[in-house]
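Inspection log for the structure reproduced underneath, given as structure tokens.
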Amino acid sequence: MSVSAELLEQYLLTGLMIGVLYIVMALGITFIYSIMKMTNWAMGEFYMIGSFVQYLVVSRFLGPDLWFIAVPVAGLSVFVLGMIVERVLIRPMFERGMEARAEYATVVTIALAILARGIVQIWSGPFERSPGSTMPTFQIGPLPIAGDRVAASIGGLIVLALFWFVVKRTWVGLALRAAAQSRDGVQSAGVDVLRLDQIAFGMGVALAAVAGALLASVYLVYPLNGLITTTKGFEVVILGGLGSIPGAIVGGIAIGLVEALGAALVATNYQNAYGFVLVLIILLLRPRTGLFGERVRTA
Amino acid sequence: MFAPPSAGPSVPLLEAVDVSRAFGGVRANQGITLRLERGEIRGLIGPNGAGKTTLTNVLSGIYPPQSGDVRLDGASLVGLTPMQISRRGLLRTFQTPKLFGSMTVEDNLLLPALARSPLLGRSHQRRARERAEELLELTRLGRLRRLTARSLSGGEQALLQVATGFMVDDLRCYLLDEPFAGINPVLKERIIELIRHENRTHGTTFLVISHEMATVRQLCARVSVLAEGRLLTEGTMDEISADPAVISAYLGKGGA
């Protein structure tokens, strides 16, 4: 099957753009893991909640022209929601000092995911909604690109820059980086590691919510919309290595590009499968760590 | 904020009363009573296995004592977590530096300023930065500030480790576990200078565990000696080094 160079370029550009949002998803997963050593399986539900907040705020208050104001609203409200969820449901697993507490916390997030999906399904029904988009189609050279996709990836880049700033340039970021290196270490420096967990969890799920908000008009809004994007997030994390921020970036771009190439060269119908093929190959080559991951739990 | 009101000058700053701690059959600390006066730099010596590190762990809350009491300024610390104890102003270092290897020297210093809350007010931020500058100057680590802690020499790491404790606002009592072990004389001198400076300017009380007799003699007016889990004796370094019980503890029973 032959593809024109122009079409291929267009696919690759789309792949890069969606890759930025995979990075955002993966960063949320990997960031929570790097601080709390737990996997948050409810990431997709926070993505879903973010997309619903976007939909409600745009459709009820702002209108599609002012969609970009709804994105920080979605991010901040899910940040607060995440902090509350962490305090009420996750922290009790960490406070009692029992064995395998990160595993218990992980199980809690699975239950939370099912619960959140169920509640939203009861409340909103299974319908797909769209906040609508008034973004014009962009013309990049000879290539037409859907405006809401361009906007989503630019929004994703802004969120990544903001995340970088918070982690590298603020006091909270200093404490979070230290906690990622050694939980015991920050505790013996007198820093309250449970407070840091709460902030990290809030930040991580806020990243997912922002991805959901940015993609609301592209992938639509419905109770199960978090599944596919989150799966992509986990693919990226496995590819790049759990706990690795450079891994999340390289992995996000790689999955985005592989999907685009697969769609262009093989078939669009299997778009969601190509990433898995790449993941399988990397796992065969570097089964322990992915591309950049930390070597843990070799026992 | 967390400190109880001072119980008055007659109460020692840090007090271990009849403290015991065993691990299985090993009785690491047996009925140890130790009192540190305000503003004192006390030495703690003893042969290997005498129970020095266990005592430090009990004092700093890593293990609770199985019997006896630990009091800071008259208030019992038993049952508090190490973090709660450090918030009351009792801090400790570990034999191997617990620095954040991939973070810079400066970040390592700033971190303990976040001990109260990860969200600092402006004035607190400014004070922390000023204090970090002062410590970078005192330790002469200023020119290494942007390097990662991992890239420092062992001695520089030990110096930085001691300095991080002084970032805690209301540090009252600082337990230093072997701060001089295996460190070159120049850096050893800098650590001593730093301890003396903080003792003089902030009235910080120290308990210094060390094997280096010459350094202990130089730094500490009074020294406590542990042997086989018990407090053997206390006194000036001169008194202690003349004590036959101490000599036999170091040389082994029947050795002297």
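The values are calculated or read from the model by the stated rules, or taken from the named source; none is laboratory data. This structure is a prediction, so every number in the text was calculated from the model and none was measured. All Cβ positions, glycine included, derive from the backbone under ideal geometry; neighbour counts span all protein chains shown.
Give segment B:72-91 a look and list any residue that's outside any loop (DSSP other than H, G, I, E, B) and within 25 Å of B:GLN161 (Cα to Cα), or say none. Within segment B:72-91, B:LEU72, B:PRO82, B:MET83, B:GLN84, B:ILE85, B:SER86, B:ARG87, B:LEU90, B:LEU91 qualify. Among the conditions (1) buried (at least 19 other Cβ atoms within 10 Å of the Cβ); (2) away from chain B (no Cβ under 14 Å); (3) more than 15 Å from the chain's Cα centre (by Cα); (4) of a type outside the set (Phe, Trp, Tyr), A:ALA216 misses just one, which is (3). Contact map, segment B:161-182: first residue aromatic (Phe, Trp, Tyr), second residue part of a loop (DSSP other than H, G, I, E, B), Cβ cut-off under 6 Å, separation 6 or more or different chains; pairs are B:TYR174/B:THR204; B:PHE180/B:SER210; B:PHE180/B:GLU212. Taking the numbered list (1) in contact with a Phe, Trp or Tyr (Cβ under 9 Å, 6 or more places away or on another chain); (2) in contact (Cβ under 8 Å) with a residue 40 or more places away in the chain in turn, A:VAL159 passes all entries but (1). Comparison of A:ILE145, A:ILE228, A:ILE122 shows that the only residue that is β-branched (Val, Ile, Thr), without any contact (Cβ under 8 Å) to a residue 12 or more places away in the chain, surrounded by fewer than 22 Cβ atoms within 10 Å (Cβ to Cβ) and more than 14 Å from chain B (Cβ to nearest Cβ) is A:ILE122.
Candidates B:PHE94, B:PHE100: the one that is crowded, with 23+ Cβ neighbours inside 10 Å, assigned to a loop (DSSP other than H, G, I, E, B) and under 20 Å from the mean Cα position of the chain (by Cα) is B:PHE100. Filtering segment B:53-62 to residues that are among the hydroxyl-bearing types (Ser, Thr, Tyr) and either away from chain A (no Cβ under 14 Å) or more than 14 Å from B:LEU14 (Cβ to Cβ) (or both) leaves B:THR53, B:THR54. For the condition within 14 Å of chain A (Cβ to nearest Cβ), touching a Phe, Trp or Tyr at 6+ places or on another chain (Cβ under 9 Å), of a type in the set (Lys, Arg) and farther than 22 Å from B:GLN30 by Cα, B:ARG88 qualifies. Yes or no: B:ARG42 among the basic types (Lys, Arg), buried (at least 21 other Cβ atoms within 10 Å of the Cβ) and facing chain A (nearest Cβ under 10 Å)? Against the criterion (among the basic types (Lys, Arg), buried (at least 21 other Cβ atoms within 10 Å of the Cβ) and facing chain A (nearest Cβ under 10 Å)), B:ARG42 does not qualify. Of all the listed residues (A:VAL221, A:VAL191), the sole one being buried (at least 24 other Cβ atoms within 10 Å of the Cβ), away from chain B (no Cβ under 12 Å) and of a type in the set (Val, Ile, Thr) is A:VAL221. Restricting attention to segment B:109-138, the residues that are under 22 Å from the mean Cα position of the chain (by Cα) and within 24 Å of B:ARG190 (Cα to Cα) add up to 13.
Yes or no, residue by residue, for (1) buried (at least 17 other Cβ atoms within 10 Å of the Cβ); (2) within 29 Å of A:VAL108 (Cβ to Cβ):
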residue	(1), (2)
A:GLU45	yes, yes
A:SER51	yes, yes
A:GLY63	no, no
A:TRP67	yes, no
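Within segment B:63-85, restricting attention to residues that are facing another protein chain (nearest Cβ under 10 Å) and out of contact with any helix residue (DSSP H, G or I) (no Cβ under 6 Å at 6 or more places or on another chain), which residue is farthest from B:GLU228 (Cα to Cα)? Out of the qualifying residues, it is B:GLN84.
For segment A:114-137, enumerate the residues that are in contact with a helix residue (DSSP H, G or I) (Cβ under 7 Å, 6 or more places away or on another chain) and on the phi > 0 side of the Ramachandran plot. Spell out the reasoning first.
As a first pass, look at segment A:114-137 and keep what is in contact with a helix residue (DSSP H, G or I) (Cβ under 7 Å, 6 or more places away or on another chain): A:116-117, A:120, A:129-137.
Within segment A:114-137, just A:GLY132 meets the criteria.
Out of the residues in segment B:1-30 meeting the condition of being in a loop (DSSP other than H, G, I, E, B) and closer than 21 Å to B:GLY235 by Cβ, tell me which one is modelled with the highest pLDDT. Talk me through it step by step, then tell me what you get.
So in segment B:1-30, the residues in a loop (DSSP other than H, G, I, E, B) come out as B:1-13, B:24-25.
Filter once more, so that each one left must be closer than 21 Å to B:GLY235 by Cβ: B:12-13.
Working: B:PRO12: 90, B:LEU13: 93.
Looking at residues that are in a loop (DSSP other than H, G, I, E, B) and closer than 21 Å to B:GLY235 by Cβ, I get B:LEU13.
Annotation: of all residues in segment B:100-145 being more than 7 Å from every other protein chain (Cβ to nearest Cβ) and acidic (Asp, Glu), the one that is farthest from B:LEU160 (Cα to Cα) is B:GLU130.
For segment A:148-185, the candidate set comprises residues that are more than 20 Å from the chain's Cα centre (by Cα) and within 7 Å of chain B (Cβ to nearest Cβ); within that set, the residue that is farthest from A:GLY252 (Cα to Cα) is A:GLY185. The selection criterion, being touching a residue at least 40 places away in the same chain (Cβ under 8 Å), surrounded by fewer than 23 Cβ atoms within 10 Å (Cβ to Cβ), assigned to a helix (DSSP H, G or I) and among the β-branched types (Val, Ile, Thr), does not hold for B:THR33.
Looking at A:VAL107, A:VAL150, just one residue is part of a helix (DSSP H, G or I) and closer than 30 Å to A:ILE35 by Cβ, and that residue is A:VAL107. Residue count for segment B:107-122 satisfying the condition of being part of a helix (DSSP H, G or I) and closer than 17 Å to A:GLY190 by Cα: 8.
Taken as a whole, the structure places A:ALA211 among residues that are touching a Ser or Thr at 6+ places or on another chain (Cβ under 9 Å), at pLDDT 90 or above and not acidic (Asp, Glu).
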